[in-house]
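Read-outs: derived from the displayed coordinates by stated rules, not from any lab. As the structure is a prediction and not an experimental result, all values here were calculated from the model. Note: ideal-geometry Cβ built from the backbone for every residue, glycine included; neighbour counts use all protein chains shown.
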Amino acid sequence: MSHGTVESDHAGEDTRTALVTGILGMDGSHLADLLLRKGYTVYGLARRSSRESTSNIAHLEGHPRFTILAGDLTDQNSLIRALKVSGPDEIYNLAAQSFVGESWNTPEYTGNVTGLGVLRMLEAVREHGAPVRFYQASSSEMFGKMVRNPCDEDTPFYPRSPYGVAKLYGHWITKNYRESYGMFTVSGILFNHESERRGIEFVTRKITRAVAMIHAGLADHVALGNLDAKRDWGYAPDYVEAMWMMLQPDEPRDYVVATGETRSVRDFLGAAFSMIDVEDWTPFVRIDPRFFRPAEVDVLRGDASRIERDLGWRPGTPFEEWVRRMVKHDIEEIG
Ligand code: NAP
Ligand code: G4F
C-alpha cells in the first residue's frame, strides 16, 4: 500500500468494529488503513490537544466507516465513554508517551500514560461488560539490557528507561487481567518498526529527513547521539498486520514481532545516504552529547518464530526497500 491511501479491496463482508487508541500516531494510522481495507468500522481515540498533528490520517477524512473520538488515557471517564459510543469487538491500545528519550524528562507522566493508561483501558473494558478482544502495544524496550540474544517470549525482562518500566507494567497488567478475569487480552512485544509516518524525533526519520534536506541543499549536517546502538528494525505496515492476526485466534497468546536482524545507527546512516548516492556520510554527521541517554539499550534482536509458527506472520518488506521509501517520501515532502 502506498503512503496516504486506503485501498478499498475489502469485499464488504466484515462488519466488525474496532477502537484504536493512538490513532494519530504511526501505528494507529497504518492499522486504521488495514482495518478499513478489511471492512471494519474504525473508531480512533485522540486527545483534543493533538488535533493539529492529524497528517497521518488526513487521507481518511470523510471516510464513512472512520470516526475520531475525543479521549485521553489519563481520563478514565473518557475511555468508558469511548467504549460506550463505539461498542467495539476489538480494541488496539496503541496510545502512549512512546519516546524513550523523553521518558527521563517526564518519568512520572510516562508512567501515568504508558503504564497506568493500560490499566484504565482494561478497567473500561471490564466496566463495559461486553466481550471485547484487547491488544496491548508492548515493546522490545522491556528486554532492555538483553539477557539473551535473540529475545523470545520466554526471555526475562530488563528495562533500561522509565518508558521500558512503564511498558512492563502495561504488559503484566494485561496478562493479569487475562488470568484474573478470563478476558481476551494479548500483548504484542514489538521490536522497532518504522515508516514514512514515523515521528521526526525517532532516529530513523530524523536521518531520512536530514538526508532529504541535505539533498535539497537546505542543511549541511545532522546532529546525532550514539551511533553504535543496534536495533532490530522492521516496517510498520507489516507489523500492524501482526497486531490484527493476534486478535483472531480462539485463544489469547502473547507474541514477539521482529525481523531477527540487527543493525546499528551507523548501518542505517549508510543505507539512507546511499539513496542519494553518498557513500561517505561522515562529513554530514555531528555527534551531539544532548542526544545520548542516561542509560542505553545497546542492542536489540528478536526471535519471532512463535508468531510465524502459530499465525503465519513474517516480516514482508526488506530493510533497503523501506529505507528507500522513507527517503523518497521525505525528498518529495521537502521538495
Ligand atoms: P506514536 O507515533 O508516538 O503514537 C502514539 C500515539 O499515542 C500518539 O498519537 C499520541 O497522541 C497518543 N497519545 C499519547 N499520550 C496520550 C494520552 N494521554 N491519551 C491518548 N493518546 C495519547 O507511536 P507508534 O510508534 O505509533 O507506537 C504505537 C504504540 O506501540 C505505542 O504504544 C508505542 O509505545 C508502542 N511501540 C512502538 C514501537 C515502534 O517501534 N514504533 C515498538 C514497540 C512498541 P499525540 O499525537 O497527541 O501525541
Ligand atoms: O529511534 P529511537 O528513539 O528509538 P528507541 O529508543 O529504540 O525506541 C523506539 O523503539 C521501541 C521498541 O524497541 C519502542 F518501544 C519505542 O516506543 C520507540 O518506538 O532510538 C534508537 C536508537 C537509540 O539507541 C538511540 O540512543 O538510536 C539512538 N540514537 C542516536 N542518535 C538516537 C539519536 N535516537 C534519537 N531518537 N535521536 C538521535 O539523535
* Taking the simple approach of a point 7 Å from Cα along Cα-to-Cβ for both Glu179 and Ser264, what is their distance in nm? -> 4.0
* **Which listed pairs, of Lys38/Lys167; Lys145/Lys167; Lys175/Lys230, have C-alpha distances above 20 Å, in listed order** => Lys38/Lys167; Lys175/Lys230
* Asked: For Glu279 and Asn149, what does the FRET efficiency come to when R0 = 30 Å and r is the distance between their Cβ atoms, rounded to the nearest 0.05?
  -> 0.50
* Structure fact -> Candidates Val256, Val100, Val85; GNM for the chain (alpha-carbon contacts under 10 Å) flags as most fluctuating Val85
* Stokes-Einstein at 4 °C, 1.567 mPa s, Kirkwood radius from Cα pairs: D for the range 176-335 in µm² s⁻¹? -> 75
* Asked: If you take the Cα Rg of the range 138-215 and divide it by 2.2 N^0.38 Å, with N the number of residues, what do you get?
  -> 1.40
* Structure fact -> With Cα springs under 10 Å, the Gaussian network model of the chain assigns the largest mean-square fluctuation among Leu34, Leu119, Leu224 to Leu224
* Please report the relative contact order for the range 235-335, taking Cα pairs under 8 Å with a sequence separation of at least 6, and give it as a percent rounded to a whole number. => 44
* Structure fact -> Fraction of alpha-carbon pairs in the chain farther than 25 Å apart, rounded to whole percent, equals 51
* **Antiparallel bridge percentage (DSSP; both residues within the chain; nearest 5)** => 5
* Structure fact -> Rounded to the nearest 0.05, FRET efficiency between Glu308 and Ala216 (Cβ-Cβ, R0 35 Å) equals 0.30
* Over the C-alpha atoms of the range 107-266, what are the Rg and the largest Cα-to-Cα span, Dmax, in Å? -> 17.8, 58
* Summed residue charge, Cβ within 10 Å of Ile189's Cβ, Lys/Arg positive, Asp/Glu negative -> -3
* **Within a Gaussian network of the chain (alpha carbon springs, distance under 10 Å), most fluctuating of Ala166, Ala124, Ala95** => Ala124
* Would you mind getting me the FRET efficiency between Thr15 and Leu227? Use the beta-carbon distance for r and R0 = 45 Å, nearest 0.05. => 0.35
* Asked: Hey, rough spin-label estimate for Glu61 and Arg290, points 7 angstrom out along Cα→Cβ, what's it come to in nanometres?
  -> 3.3
* Asked: So what is the relative contact order of the chain, in percent, for Cα pairs below 8 Å that sit 6 or more residues apart?
  -> 17
* Taking a ≥ b ≥ c as the square roots of the eigenvalues of the Cα gyration tensor of the range 96-165, is the shape rounded (a/c under 1.5), prolate (a/b larger than b/c) or oblate? -> oblate
* Asked: Could you state the number of Å between the C-alpha centres of the range 25-75 and the range 215-255?
  -> 19
* Asked: How big is the Kirkwood radius of the range 32-191, worked out from every pair of different alpha carbons and given in Å to one decimal?
  -> 16.6
* **Gain on full stretching of the segment that runs from Glu321 to Lys84 - 0.36 nm per residue minus C-alpha separation** => 81.2 nm
